[in-house]
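To start, the structure under review is shown below, and the notes come after it.
The values are calculated or read from the model by the stated rules, or taken from the named source; none is laboratory data. What you are looking at is a predicted structure, and each value in this text was computed from that prediction instead of being measured. Quick reminder, even Gly has a Cβ in these numbers, built from the backbone with ideal geometry, and neighbours come from all protein chains shown. Heads up: the accessible areas ignore ligands, DNA and RNA and are worked out on the full protein's heavy atoms, side chains in. Shrake-Rupley method; radii C 1.70, N 1.55, O 1.52, S 1.80 Å.
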Amino acid sequence: MYVQTLLARGLRGDIGRGWGLKVHHSASIVGRAASATRAKLPVCMIRLACGIVIGCALTGLALREAAAQVPFSSFQPVRQMEAAKPLARDVDSPPAVSQRLDGTAFFVDDLGHMLTARHAVADCARIVISKEGRAVAARVVALAASDIALIKVPRTLGLAAVFPRASASVANDMVFAEAYDRLKPMLAHGGSLGNAFVDTTLRDPEHLVLRSNVTFGTSGAPVLDSRGLVEGVVSRRTTIDRVLAVDAAHAKSFLAAHGVRFQEDDRPQMSGTASRAHRAASISARVTCLQQ
(Lines give C-alpha, C1' and ligand atoms only; values in the text may rest on other atoms or scores of the structure.)
Protein backbone atom coordinates (compact mmCIF):
# COMPACT_ATOMS: atom_id res chain seq x y z
CA MET A 1 0.00 0.00 0.00
CA TYR A 2 2.83 2.40 0.81
CA VAL A 3 4.54 1.67 -2.53
CA GLN A 4 1.37 2.16 -4.59
CA THR A 5 0.56 5.46 -2.89
CA LEU A 6 4.06 6.80 -3.29
CA LEU A 7 4.23 5.76 -6.92
CA ALA A 8 1.01 7.61 -7.59
CA ARG A 9 2.29 10.68 -5.84
CA GLY A 10 5.57 10.51 -7.70
CA LEU A 11 3.81 10.44 -11.05
CA ARG A 12 1.72 13.46 -10.04
CA GLY A 13 4.80 15.40 -9.06
CA ASP A 14 4.09 15.52 -5.28
CA ILE A 15 7.28 13.70 -4.31
CA GLY A 16 9.29 15.73 -6.80
CA ARG A 17 8.07 18.99 -5.22
CA GLY A 18 8.82 17.66 -1.74
CA TRP A 19 12.48 17.07 -2.71
CA GLY A 20 12.95 20.34 -4.61
CA LEU A 21 12.59 18.85 -8.07
CA LYS A 22 10.59 21.58 -9.80
CA VAL A 23 9.66 20.96 -13.39
CA HIS A 24 7.86 23.57 -15.46
CA HIS A 25 5.55 22.35 -18.10
CA SER A 26 2.60 23.64 -19.90
CA ALA A 27 -0.10 21.70 -21.59
CA SER A 28 -1.42 24.76 -23.38
CA ILE A 29 1.32 24.77 -26.01
CA VAL A 30 -0.05 22.35 -28.50
CA GLY A 31 2.52 22.91 -31.15
CA ARG A 32 5.39 21.91 -28.95
CA ALA A 33 3.80 18.70 -27.60
CA ALA A 34 6.40 16.40 -29.08
CA SER A 35 9.35 18.26 -27.63
CA ALA A 36 7.55 18.64 -24.25
CA THR A 37 6.97 14.90 -24.11
CA ARG A 38 10.64 14.25 -24.71
CA ALA A 39 11.53 16.79 -22.01
CA LYS A 40 9.19 15.12 -19.44
CA LEU A 41 10.61 11.61 -19.93
CA PRO A 42 13.75 12.09 -17.73
CA VAL A 43 11.63 13.86 -15.10
CA CYS A 44 9.13 10.99 -14.94
CA MET A 45 11.96 8.51 -14.57
CA ILE A 46 13.39 10.53 -11.69
CA ARG A 47 9.98 10.77 -10.03
CA LEU A 48 9.44 7.03 -10.36
CA ALA A 49 12.85 6.21 -8.90
CA CYS A 50 12.36 8.58 -6.01
CA GLY A 51 8.92 7.13 -5.31
CA ILE A 52 10.28 3.60 -5.20
CA VAL A 53 13.17 4.51 -2.87
CA ILE A 54 11.05 6.54 -0.49
CA GLY A 55 8.22 3.94 -0.53
CA CYS A 56 10.59 1.14 0.38
CA ALA A 57 12.11 3.18 3.17
CA LEU A 58 8.75 4.10 4.64
CA THR A 59 7.48 0.52 4.29
CA GLY A 60 10.48 -0.85 6.19
CA LEU A 61 9.99 1.76 8.90
CA ALA A 62 6.31 0.87 9.27
CA LEU A 63 7.08 -2.85 9.52
CA ARG A 64 9.73 -2.22 12.18
CA GLU A 65 7.28 -0.11 14.16
CA ALA A 66 4.58 -2.79 13.89
CA ALA A 67 7.02 -5.51 14.95
CA ALA A 68 8.11 -3.45 17.93
CA GLN A 69 4.53 -3.55 19.23
CA VAL A 70 4.47 -7.41 19.42
CA PRO A 71 6.48 -8.65 22.51
CA PHE A 72 6.81 -12.32 21.38
CA SER A 73 6.31 -14.10 18.13
CA SER A 74 3.46 -16.57 17.90
CA PHE A 75 5.90 -19.49 17.94
CA GLN A 76 7.92 -18.49 20.97
CA PRO A 77 5.41 -19.72 23.61
CA VAL A 78 5.33 -23.11 21.88
CA ARG A 79 9.11 -23.40 22.10
CA GLN A 80 9.00 -22.46 25.76
CA MET A 81 6.41 -25.18 26.51
CA GLU A 82 8.47 -27.82 24.70
CA ALA A 83 11.54 -26.91 26.72
CA ALA A 84 9.58 -27.51 29.95
CA LYS A 85 8.60 -31.10 29.07
CA PRO A 86 10.13 -33.77 31.32
CA LEU A 87 12.73 -35.92 29.63
CA ALA A 88 11.97 -39.09 31.59
CA ARG A 89 9.04 -40.71 33.42
CA ASP A 90 9.01 -40.22 37.19
CA VAL A 91 9.54 -43.76 38.49
CA ASP A 92 8.61 -42.67 42.02
CA SER A 93 5.09 -41.72 40.96
CA PRO A 94 2.31 -44.24 41.67
CA PRO A 95 1.22 -46.31 38.66
CA ALA A 96 -1.83 -45.19 36.72
CA VAL A 97 -4.74 -47.16 37.99
CA SER A 98 -7.44 -48.21 35.50
CA GLN A 99 -9.44 -50.53 37.80
CA ARG A 100 -9.92 -51.24 41.50
CA LEU A 101 -11.34 -54.51 42.81
CA ASP A 102 -12.40 -54.95 46.43
CA GLY A 103 -12.86 -58.33 48.09
CA THR A 104 -12.37 -59.99 51.47
CA ALA A 105 -9.49 -61.97 52.97
CA PHE A 106 -8.97 -63.59 56.39
CA PHE A 107 -5.96 -64.45 58.54
CA VAL A 108 -4.96 -68.09 58.94
CA ASP A 109 -1.96 -67.81 61.28
CA ASP A 110 -0.08 -65.34 63.47
CA LEU A 111 2.56 -64.57 60.80
CA GLY A 112 0.37 -62.50 58.48
CA HIS A 113 -0.74 -65.23 56.02
CA MET A 114 -4.24 -64.78 54.62
CA LEU A 115 -6.63 -66.70 52.40
CA THR A 116 -8.80 -65.06 49.75
CA ALA A 117 -10.26 -65.79 46.32
CA ARG A 118 -7.77 -66.17 43.50
CA HIS A 119 -9.65 -63.82 41.18
CA ALA A 120 -9.56 -61.11 43.87
CA VAL A 121 -5.75 -60.80 43.78
CA ALA A 122 -4.68 -62.09 40.36
CA ASP A 123 -2.91 -59.69 37.96
CA CYS A 124 -2.68 -56.84 40.47
CA ALA A 125 -0.13 -54.04 40.36
CA ARG A 126 -0.60 -53.59 44.10
CA ILE A 127 -2.53 -55.41 46.83
CA VAL A 128 -3.64 -53.52 49.94
CA ILE A 129 -5.14 -55.00 53.11
CA SER A 130 -7.33 -52.60 55.13
CA LYS A 131 -8.72 -53.18 58.61
CA GLU A 132 -10.01 -50.80 61.27
CA GLY A 133 -8.37 -47.73 59.77
CA ARG A 134 -5.04 -49.42 59.04
CA ALA A 135 -3.72 -50.32 55.59
CA VAL A 136 -0.72 -52.50 54.72
CA ALA A 137 0.68 -53.83 51.45
CA ALA A 138 0.32 -57.54 50.72
CA ARG A 139 2.08 -59.90 48.35
CA VAL A 140 0.89 -63.06 46.64
CA VAL A 141 2.48 -66.26 47.94
CA ALA A 142 0.55 -68.85 45.91
CA LEU A 143 -2.49 -69.25 43.66
CA ALA A 144 -4.68 -72.34 43.31
CA ALA A 145 -6.78 -73.43 40.35
CA SER A 146 -9.73 -73.90 42.71
CA ASP A 147 -10.02 -70.09 43.03
CA ILE A 148 -8.24 -69.55 46.32
CA ALA A 149 -5.04 -67.61 46.93
CA LEU A 150 -2.49 -67.31 49.72
CA ILE A 151 -1.24 -63.78 50.41
CA LYS A 152 0.92 -62.30 53.16
CA VAL A 153 1.17 -59.04 55.08
CA PRO A 154 3.90 -58.11 57.60
CA ARG A 155 1.77 -59.06 60.61
CA THR A 156 -1.64 -60.39 61.55
CA LEU A 157 -4.25 -57.73 62.27
CA GLY A 158 -6.73 -59.29 64.65
CA LEU A 159 -7.29 -63.01 65.25
CA ALA A 160 -6.36 -66.01 63.13
CA ALA A 161 -9.10 -68.29 61.82
CA VAL A 162 -9.62 -71.82 63.09
CA PHE A 163 -10.62 -74.71 60.80
CA PRO A 164 -12.60 -77.80 61.85
CA ARG A 165 -10.72 -81.05 61.98
CA ALA A 166 -13.56 -82.59 60.00
CA SER A 167 -16.35 -80.77 58.21
CA ALA A 168 -19.69 -81.02 59.97
CA SER A 169 -21.86 -79.05 57.56
CA VAL A 170 -25.12 -80.73 56.64
CA ALA A 171 -28.06 -79.84 54.44
CA ASN A 172 -29.81 -76.63 55.46
CA ASP A 173 -27.20 -75.90 58.11
CA MET A 174 -27.15 -72.14 58.72
CA VAL A 175 -23.76 -70.54 58.08
CA PHE A 176 -22.42 -67.01 57.76
CA ALA A 177 -20.45 -65.32 54.95
CA GLU A 178 -20.30 -61.60 54.23
CA ALA A 179 -18.10 -58.94 52.64
CA TYR A 180 -15.81 -57.21 55.15
CA ASP A 181 -17.13 -53.77 54.20
CA ARG A 182 -20.67 -54.84 55.16
CA LEU A 183 -19.72 -56.15 58.59
CA LYS A 184 -19.42 -52.79 60.35
CA PRO A 185 -22.96 -51.58 59.55
CA MET A 186 -24.21 -55.07 60.37
CA LEU A 187 -22.53 -54.99 63.78
CA ALA A 188 -24.05 -51.59 64.46
CA HIS A 189 -27.45 -53.32 64.36
CA GLY A 190 -26.45 -56.19 66.64
CA GLY A 191 -24.70 -58.54 64.21
CA SER A 192 -26.07 -61.75 62.73
CA LEU A 193 -26.22 -65.44 63.53
CA GLY A 194 -26.28 -66.45 59.88
CA ASN A 195 -27.23 -65.37 56.39
CA ALA A 196 -26.77 -68.49 54.25
CA PHE A 197 -27.71 -72.18 54.16
CA VAL A 198 -25.80 -75.23 52.98
CA ASP A 199 -27.36 -76.67 49.81
CA THR A 200 -26.69 -80.35 49.21
CA THR A 201 -28.94 -80.72 46.17
CA LEU A 202 -25.98 -79.79 43.97
CA ARG A 203 -22.79 -81.78 44.42
CA ASP A 204 -19.35 -80.29 43.76
CA PRO A 205 -16.10 -82.15 44.59
CA GLU A 206 -14.20 -79.03 45.67
CA HIS A 207 -16.88 -76.54 46.67
CA LEU A 208 -19.44 -75.99 49.37
CA VAL A 209 -22.73 -74.90 47.76
CA LEU A 210 -24.61 -72.18 49.62
CA ARG A 211 -27.97 -70.57 49.24
CA SER A 212 -27.21 -66.93 49.80
CA ASN A 213 -27.79 -63.46 48.36
CA VAL A 214 -24.31 -62.10 49.15
CA THR A 215 -23.00 -59.74 46.50
CA PHE A 216 -19.86 -57.95 45.32
CA GLY A 217 -16.99 -57.72 47.83
CA THR A 218 -17.70 -61.12 49.39
CA SER A 219 -15.14 -62.99 47.26
CA GLY A 220 -12.58 -64.51 49.62
CA ALA A 221 -14.74 -64.21 52.75
CA PRO A 222 -14.70 -67.05 55.30
CA VAL A 223 -17.77 -69.25 55.62
CA LEU A 224 -18.39 -69.72 59.36
CA ASP A 225 -20.47 -72.43 60.93
CA SER A 226 -22.34 -72.24 64.25
CA ARG A 227 -19.08 -72.86 66.17
CA GLY A 228 -17.25 -70.00 64.46
CA LEU A 229 -15.05 -72.42 62.50
CA VAL A 230 -14.15 -71.84 58.83
CA GLU A 231 -16.02 -74.28 56.60
CA GLY A 232 -15.01 -72.66 53.30
CA VAL A 233 -13.77 -69.66 51.29
CA VAL A 234 -16.31 -67.80 49.12
CA SER A 235 -15.47 -68.12 45.42
CA ARG A 236 -18.30 -66.98 43.13
CA ARG A 237 -22.05 -66.80 42.64
CA THR A 238 -23.55 -69.16 40.07
CA THR A 239 -27.18 -68.02 40.22
CA ILE A 240 -29.02 -65.21 41.94
CA ASP A 241 -29.24 -67.21 45.19
CA ARG A 242 -26.45 -69.82 44.90
CA VAL A 243 -22.84 -69.27 45.89
CA LEU A 244 -19.84 -71.57 45.63
CA ALA A 245 -17.16 -71.66 48.33
CA VAL A 246 -13.94 -73.70 48.26
CA ASP A 247 -14.48 -76.20 51.06
CA ALA A 248 -12.35 -76.45 54.20
CA ALA A 249 -10.65 -79.70 53.15
CA HIS A 250 -9.21 -78.18 49.95
CA ALA A 251 -8.32 -74.95 51.72
CA LYS A 252 -6.35 -76.83 54.39
CA SER A 253 -4.54 -78.95 51.80
CA PHE A 254 -3.56 -75.79 49.93
CA LEU A 255 -2.19 -74.18 53.10
CA ALA A 256 -0.27 -77.30 54.12
CA ALA A 257 1.30 -77.58 50.65
CA HIS A 258 2.81 -74.11 51.13
CA GLY A 259 4.05 -74.64 54.66
CA VAL A 260 1.44 -72.60 56.51
CA ARG A 261 0.70 -73.90 60.00
CA PHE A 262 -2.98 -73.19 60.57
CA GLN A 263 -5.15 -73.95 63.59
CA GLU A 264 -7.60 -76.88 63.73
CA ASP A 265 -10.12 -77.52 66.46
CA ASP A 266 -13.62 -78.93 66.79
CA ARG A 267 -14.42 -76.90 69.89
CA PRO A 268 -16.58 -73.80 69.40
CA GLN A 269 -14.72 -70.51 69.09
CA MET A 270 -17.78 -68.56 70.21
CA SER A 271 -20.92 -69.16 72.22
CA GLY A 272 -23.92 -70.62 70.47
CA THR A 273 -25.90 -67.37 70.60
CA ALA A 274 -23.06 -65.00 69.71
CA SER A 275 -23.05 -63.11 66.45
CA ARG A 276 -21.00 -64.79 63.75
CA ALA A 277 -20.61 -61.36 62.17
CA HIS A 278 -18.41 -60.40 65.15
CA ARG A 279 -16.26 -63.48 64.66
CA ALA A 280 -15.93 -62.72 60.93
CA ALA A 281 -14.92 -59.12 61.69
CA SER A 282 -12.17 -60.28 64.07
CA ILE A 283 -10.46 -62.57 61.53
CA SER A 284 -11.10 -60.86 58.17
CA ALA A 285 -10.17 -57.63 56.35
CA ARG A 286 -10.76 -55.88 53.05
CA VAL A 287 -8.43 -56.81 50.20
CA THR A 288 -8.01 -54.25 47.40
CA CYS A 289 -6.50 -55.12 44.04
CA LEU A 290 -5.15 -52.17 42.06
CA GLN A 291 -4.79 -53.00 38.39
CA GLN A 292 -2.93 -50.96 35.77
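Between N172 and R211, the simple label model (points 7 Å from Cα in the Cβ direction) yields a spacing of 0.9 nm.
Amide H contacts of D173 (H built 1.01 Å from N, in plane; Pro and chain starts excluded): V198 sit under 5 Å, all sequence-distant by 5 or more or on other chains.
To put it simply, the accessible area of the range 162-283 at a 1.4 Å probe is 53 percent carbon and sulfur. The Cα atoms of the range 187-292 give a gyration tensor whose axes a ≥ b ≥ c have a/c under 1.5, which makes the shape rounded. For the range 162-283, report the accessible area per residue in Å² (1.4 Å probe, heavy atoms, rounded to an integer). About 49 Å² of surface per residue is accessible.
Spin-label model, R139 to D204: label points 7 Å out along the Cα-to-beta-carbon direction sit 3.2 nm apart.
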